[in-house]
Amino acid sequence: MRFLPAGDLALSVELGDEISVGVNTRVRALEFLIEQKALAGVVETVPTYRALQVYYDPGVIGYEALCRALTPLAEQAAATAMPPAREVELPCCYGDDLGPDLEPAARRLELSSDELVRLHAGAEYLVYFIGFTPGLPYMTGAPARLTIPRLDTPRVKVPAGSVGIGGIQCCVYSVDSPGGFWLLGRTPLRLYDPAAAEPILLKPGDRVRFRRVERAEFDDIAGRVAAGVFRPVVR
Amino acid sequence: MIRIIEPGPQTTVQDGGRRGQLRYGIPPSGPVDARSFTLGNRLVGNADGAAGLEFTLIGPRLRAETSCTIAVTGAESPVTVNDAPAAAWTTLTLAAGDVVRIGPARSGVRGYVAFAGGIDVPAVLGSRATYLRGRLGGLEGRALRRDDVLRLGAAGPVRRRAMAARAIPDWRAEPVLRVVLGPQADRFTDEGIADFLAGAYEVLPQSDRMGARLSGPRITHAGGHDIISDGIALGAVQVPGDGQPIVLLVDRQSTGGYTKIATVCSFDIPRVGQAKPGQRVRFSAVDVAEAQQLSRTAVVDVANVELQEIAS
């Protein structure tokens, strides 16, 4: 465990030095414990792979005192039971113009594109954290067989909703942005919708599954999403 | 009610900022220069975080459709009411039909217009602040355009006051920005840290509300410049592989994978945001305890800024 200052208003608690489910689960457990304890002076928290960033008011609590208050919570985090994770289903239309890298990725992985889709859609993914752009999930969970280096040349613009793989990670782009992942398909759901009452779909700790849909169903769901009448499947 | 006649290059509605959304990738937004913004609100009798306008380099031209009370703070810009010069950092009372024009900044970058009662736009995720890249908050998530109409909240009578001249910041001076080293200072060589603290860095024109991009002595990494992605605090000084620092501001990305050599203290963020492209800044290290003492003092200083009553 390591505390690092991030200026006068924030600090970072590092709970490990690797990207793993175990370390990230402790990070999210620490965040949960801070919320449960309603620790005085804490303003907001940002979980990432192996660290929790804690924003706080130095008028209420100073750096040293906050580190002392966080230490027992961080030790407790390994043994803390959190509320059950939500399971979120993301419809995904694979291949063609919505997933332009499906065929090249399959060739690179020496799989048929059908086999690649089956493996990708058959896995369950853990949302380690949300970051970089609004609502973008950092996930792993694909079988090791799908591990693939990132694209040599990142795209300047990846459309929102694109589902990609890179390294051991899987990602769904939440807004149009540059990106270096292999694009396998696209979800018609909006992971970030500034006009919605709840603009963000996924939360840290969610379990995500992709459900393969054909183009007709993709278009139908996209239409209902645009009309504001589609309810994502969340359990 | 206010009508925008000319918006200027980038004028947005901002309030005290959005809290609790960084864990969903949504930055706080709000004013880059929170001190000037807060003092503007105090001059019109508002709560510190009430919604007002932030403009960039050139101010807006606007017409009061109904009588209202405003104050212009932040960047040093000429202000006129119906073409007659008017004072900044001062409560101004407008009659229906009055036209206010705020010209190009002579110094500083970001100016603020506070309105008694605040700007009445819907709160989104608890805030009226505009997050431009996310098209969220403010007026339809965008910068203001010609002919936009802004409603104002209800306001009681406002005392007319002016800020003491000595409390008005001088944006021409070369700022020395106080930083706390870390979170990843250990990823830089001793020379890299020494160069960062000794050098002068020029503000680049690509700077925006997301971050101030700087150019100066190259900061050398020890080992790689990538880390396992983690949170990016306000004021984080990110140093990518080219060794040139970027100071992350209110519209920053919530997380990232570049090393951060230091973090600019909250009370010096206004100085970063008011440094014009071409202007130089320097960095000076303080420890966390000292930074937090200075931070508490800065809060008290803003609360105690002298506002002098003026005859009406």
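Read the figures in this text as sums done on the coordinates, not as results from a lab. Owing to the predicted nature of the structure, the values given are computational and were not obtained by experimental measurement. Don't worry about glycine lacking a Cβ; one is built from the backbone with ideal geometry, like all the others, and counts go over all protein chains shown.
Please find the FRET efficiency linking residue A:219 to residue B:5, where r is the Cβ-Cβ separation and R0 is fixed at 60 Å, and quote it to the nearest 0.05.
The value I calculate is 0.85.
Please name whichever of A:100, A:154, A:140 sits farthest to the positive end of the charge dipole of chain A, dipole taken about the Cα centre and charges placed at Cβ: Lys and Arg +1, Asp and Glu -1.
A:140
For B:161, A:231, what ranking results if the residue with the fewest other Cβ atoms within 10 Å of its Cβ goes first? Numbers along the way, then the final one.
Working: B:161 18, A:231 7.
Listing B:161, A:231 from fewest to most nearby Cβ atoms yields A:231, B:161.
Arrange the following residues from fewest to most other Cβ atoms within 10 Å of their Cβ: B:26, A:61.
On the way: B:26 27, A:61 18.
Listed from fewest to most nearby Cβ atoms, that is A:61, B:26.
For residue B:222 and residue B:297 in the same chain, what is the full-extension length gain: residue separation times 0.36 nm, less their Cα-Cα distance, in nm? Spell out each step's value before the answer.
On the way: separation 75, 0.36 × 75 = 27.00 nm, distance 3.57 nm.
Taking 0.36 nm per residue and subtracting the Cα distance, the gain is 23.4 nm.
Distance from the Cα centre of the stretch B:66-129 to that of the stretch A:64-80, in angstrom?
46
Under the rule a/c < 1.5 gives rounded, and otherwise a/b versus b/c splits prolate from oblate, where does the stretch B:176-303 land using the Cα gyration tensor?
rounded
Between the stretch B:229-252 and the stretch A:193-218, what is the separation of their alpha carbon centroids in Å?
Centre-to-centre distance over Cα atoms comes out at 30 Å.
How much net charge surrounds residue B:44 when only other residues with a Cβ under 13 Å from its Cβ are counted (Lys, Arg +1; Asp, Glu -1)?
Net of charged neighbours comes to +3.
Give me the one-decimal nm value for the distance between modelled label points at residue B:200 and residue B:123, 7 Å along each residue's Cα-to-Cβ direction.
Between residue B:200 and residue B:123, the label points sit 4.6 nm apart.
What's the exposure ranking of B:230, B:148, A:114, going from fewest to most Cβ atoms within 10 Å?
By the 10 Å Cβ count, ascending, the order reads A:114, B:148, B:230.
Using modelled amide H (1.01 Å from N, peptide plane; none on Pro or chain starts), what sits under 5 Å from the amide H of residue A:185, excluding residues fewer than 5 places away?
Amide H neighbours of residue A:185: A:95, A:163.
Could you work out the local net charge near residue B:176, counting Lys and Arg as +1, Asp and Glu as -1, over the other residues with Cβ closer than 9 Å to its Cβ? Please list the in-between numbers first.
Values: positive: B:178, B:271, B:282; negative: B:174, B:268.
Value of the local net charge: +1.
To make sure I understand the rule: partners must be aspartates and glutamates, Cα under 15 Å from the Cα of residue A:157, and not fewer than 8 residues away in the same chain. Which ones qualify?
Filter leaves A:97, A:101, A:176.
Write down the Kirkwood hydrodynamic radius of the stretch B:230-312, to one decimal in angstroms, obtained as one divided by the mean of 1/r over all alpha carbon pairs.
Evaluated over the stretch B:230-312, this radius sits at 14.9 Å.
Sequence neighbours fewer than 8 away in the same chain don't count; with that in mind, list the lysines whose C-alpha is under 22 Å from residue A:203.
In chain and number order, the partners are A:37.
Once the piece of chain linking residue A:87 and residue A:69 is laid out straight, how much longer is it, given 0.36 nm per residue of separation minus the C-alpha distance between them?
Length gained between residue A:87 and residue A:69: 3.2 nm.
How large is the charge dipole for the protein assembly as shown, taken about the Cα centre, if only the Cβ atoms of Lys, Arg (+1) and Asp, Glu (-1) carry charge, to the nearest 20 debye?
Dipole of the protein assembly as shown, to the nearest 20 debye: 780 debye.
Could you pull out every one of the lysines with an alpha carbon less than 28 Å from that of residue B:276, ignoring same-chain neighbours closer than 8 positions?
B:260
Placing +1 at every Lys and Arg Cβ and -1 at every Asp and Glu Cβ, with all other atoms neutral, what dipole size does chain B have around its Cα centre, in debye to the nearest 20?
640
Taking a ≥ b ≥ c as the square roots of the Cα gyration tensor eigenvalues, with a/c under 1.5 meaning rounded and otherwise prolate when a/b beats b/c, else oblate, which class fits the stretch A:2-79?
Prolate is the answer for the stretch A:2-79, as a/c is 1.5 or above and a/b outweighs b/c.
Based on the Cα atoms of the stretch B:11-120, what semi-axes does the equivalent ellipsoid have, where each is the square root of 5 times one gyration tensor eigenvalue, given in whole Å with the largest first?
24, 15, 11
Relative to the longest principal axis of chain B, what angle (0 to 90°, nearest 10) does the C-alpha long axis of helix B:34-43 take?
It works out to around 20 degrees.
Report the FRET efficiency, 1/(1 + (r/R0)^6), for residue A:198 and residue A:1, where r is their Cβ-Cβ distance and R0 is 35 Å, rounded to 0.05.
So the FRET efficiency works out to roughly 0.55.
What residue among B:61, B:213, B:23 has the largest mean-square fluctuation in a Gaussian network model of chain B, using Cα springs under 10 Å?
B:23
Of B:85, B:60, B:104, which has the largest mean-square fluctuation in a 10 Å C-alpha GNM of chain B?
Comparing B:85, B:60, B:104 in a Gaussian network model of chain B, the most mobile one is B:85.
Which parts of the stretch A:159-182 would a label at residue A:153 reach, counting a residue when its backbone N lies under 19 Å from a point 7 Å out along Cα-to-Cβ?
Backbone N within reach: A:159, A:177-182.
Just to confirm the number: angle between the C-alpha axis of helix A:21-37 and the first principal axis of chain A, 0 to 90 degrees, nearest 10?
In chain A, helix A:21-37 runs at an angle near 50 degrees to the longest axis.
With a ≥ b ≥ c taken as the square roots of the eigenvalues of the C-alpha gyration tensor of the stretch B:110-193, please select rounded if a/c is under 1.5 and otherwise prolate if a/b is larger than b/c or oblate if it is not?
Numbers: a/c = 2.85, a/b = 1.53, b/c = 1.86.
The shape class here is oblate.
Suppose each label sits 7 Å from its Cα in the direction of the beta carbon; what would the residue B:290-residue A:168 distance come out to in nanometres?
4.3
Measuring from label point to label point, each 7 Å out along Cα→Cβ, what is the residue B:19 to residue B:208 span in nm?
For the pair residue B:19/residue B:208, the computed spacing is 2.8 nm.
Give, as a single signed number, the net charge of other residues whose beta carbon lies under 12 Å from the beta carbon of residue A:209, with Lys and Arg counted +1 and Asp and Glu -1.
That works out to +1.
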